[in-house]
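The values are calculated or read from the model by the stated rules, or taken from the named source; none is laboratory data. The structure presented is a predicted model; accordingly, all values stated were derived computationally and were not measured. Positions of Cβ are generated from backbone atoms using ideal geometry, with glycine treated the same way; all protein chains shown enter the neighbour counts.
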Amino acid sequence: MTRATTSFTILGAGLLGRLLAVTLARQGHTVSIYDKGGPLGEHSAARVAGGMLAPLAESAVAEHGVVRMGRHALARWPELLAPLAMPVYFQQEGTLLVWHRQDAPQAAHMRQQLDATRAHIPELPAMEWLDAEGMARIEPALAPRFAQGMYLPGEGQLDNRQLLASLAQEMERLGVQVHWNTPRELAAFGSGHTGWLLDCRGLGARGEWPQLRGVRGEVIRIHAPEVTLQRPTRLLHPRYPAYIAPKENHVFVIGATEIESEDLSPVSVRSTLELLSAAYAVHPGFAEARILESSVQCRPALPDNLPAIRQVAPRTLQINGMYRHGYMIAPALHDVVLELLDQGASALGSRFDLAMELL
Ligand SMILES: Cc1cc2nc3c(=O)[nH]c(=O)nc-3n(C[C@H](O)[C@H](O)[C@H](O)COP(=O)(O)OP(=O)(O)OC[C@H]3O[C@@H](n4cnc5c(N)ncnc54)[C@H](O)[C@@H]3O)c2cc1C
């Protein structure tokens, strides 16, 4: 699979599509990209996401290969963000896990899962178990309410909307031919297309990849001038786990529900109560916060909830199934795709146990 031509057509300008478009254009290729929505990414999961980059925290629900991709991506994000003209908020201050006293068994279980993950992937930074003093050191604002916690150093987060805006600007700057509000199917390009076709449409690819399903997620954005948190905080809870991701200027994203449904109707009262109660339980200062927005999207998932790459025609790749880990792993998939385009195989992909179906 050598790169026989320098022309790329990308379907889907969500997270992965924009990242690839910018890199390929920077490498000097002719790139055109189509999206059914506009530059805000209003039809993308990428716009709604929390932007958390937390491979160890996610290891409770993710395979080791995905955790490895997350580690790789954490190192790559600063390199991908550095050349962008419009800055993107990115931090790597770790993740804090807290729980109510009655949920101590949940915390003990989580600790076991984290230890098991580290036994498989020793390069992950060690989790630090915090007592009251440790809590006061790591996140003073929460120390009065939580006498214990778990700190996962090195984990990160970014501002997803700043990233989408910055990548959109970069595509224009690099001369990518951008076709907003222009939905396209693979078939529209037929077998006669001369360049490469990269399908990054997330759930929009379901016509050609029927195993894809959407997993509904709801988040609430709030402005809480009275609350300062240094890093994303997760509340462990048997029924209502939630995270609070602090962005710039005291904006917080509270998320995210996970519902096996493709319903895109507005956030339910139940979810609103659960998410905001969790936030209030973590810090009472959230009571005076202002609700900026509540939003819903579906995460693109394959039956095993793992990402996959498949080649459906000689110069056509589909990349999909990033599920709830798109930001956490996108730079890893981006690097695998570049390797595939260059060499026809990807050692990196094998290291990540990534499903790659190539012709
Ligand atoms: C509530 C929620 C919270 C999340 N939180 C996190 C998180 O904290 N950390 C994390 O790592 N991940 C998170 N995710 C997951 C992450 O957002 C996704 O994994 C990621 O956005 C998938 O990227 P993608 O580029 O494959 O698809 P998308 O970002 O969905 O982009 C697909 C694009 O394709 C376009 N498209 C669709 N059909 C067509 C068509 N026919 N023609 C042209 N264009 C089309 C769409 O308009 C869209 O712009 C979250 C997701 C949700 C929903």
Quick count over the stretch 189-220, residues being touching a strand residue (DSSP E or B) at 6+ places or on another chain (Cβ under 9 Å), within 18 Å of V31 (Cα to Cα) and not basic (K, R), is 9
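Hey, among the residues in the stretch 21-44 that are within 25 Å of E339 (Cα to Cα) and hydroxyl-bearing (S, T, Y), which one's nearest to the chain's Cα centre (by Cα)?
Within the stretch 21-44, the first condition is being within 25 Å of E339 (Cα to Cα), and the residues that meet it are 21-35.
Within this subset, residues satisfying the condition of being hydroxyl-bearing (S, T, Y) are 23, 30, 32, 34.
Values: T23: 19, T30: 27, S32: 24, Y34: 21 Å.
Only one residue fits best here, namely T23.
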Say whether the condition of being part of a strand (DSSP E or B), within 15 Å of the ligand (Cβ to nearest atom) and in contact with a strand residue (DSSP E or B) (Cβ under 7 Å, 6 or more places away or on another chain) is met by at least one residue in the stretch 141-156. yes
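Regarding V251, is this residue outside the structural domain of L338 (by TED's automatic domain parsing), out of contact with any Cys (no Cβ under 6 Å at 6 or more places or on another chain), modelled with pLDDT of 95 or more and under 29 Å from A104 (Cα atoms)?
No; evaluated as a whole, the condition is false for this residue.
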Pairs, please: C-beta under 7 Å, at least 6 apart or cross-chain, first residue more than 6 Å from the ligand (Cβ to nearest atom) and in the stretch 40-55, second among the aromatic types (F, W, Y)? L53/W77; L53/Y327
So in the stretch 301-318, with the set limited to residues that are within 12 Å of the ligand (Cβ to nearest atom) and over 29 Å from G94 (Cβ atoms), which one is surrounded by the most Cβ atoms within 10 Å (Cβ to Cβ)? Q318
For the subset of the stretch 271-300 comprising residues that are within 16 Å of the ligand (Cβ to nearest atom) and among the polar types (S, T, N, Q), which member is nearest to A46 (Cα to Cα)? Q297
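Return yes or no: is L163 assigned to a helix (DSSP H, G or I) and at pLDDT 95 or above?
Numbers: assigned to a helix (DSSP H, G or I): yes; at pLDDT 95 or above: yes.
Yes.
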Flagged in the stretch 6-28 as within 6 Å of the ligand (Cβ to nearest atom) and of a type outside the set (A, V, I, L, M, F, W, C), in numbering order, are G12, G14, G17
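Is it fair to say P246 is within 15 Å of the ligand (Cβ to nearest atom), assigned by TED's automatic domain parsing to the domain that holds D103 and in contact (Cβ under 8 Å) with a residue 12 or more places away in the chain? Step through it out loud before you land on a result.
Working: within 15 Å of the ligand (Cβ to nearest atom): yes; assigned by TED's automatic domain parsing to the domain that holds D103: yes; in contact (Cβ under 8 Å) with a residue 12 or more places away in the chain: yes.
Criteria met by P246.
Kindly state which strands (runs of 3 or more DSSP E) lie completely within the stretch 225-318 and contain at least 3 residues that are under 18 Å from the mean Cα position of the chain (by Cα). Steps first, please.
Values: elements: 233-236, 242-246, 251-255, 290-301, 308-313.
Correct list: 242-246, 251-255, 290-301.
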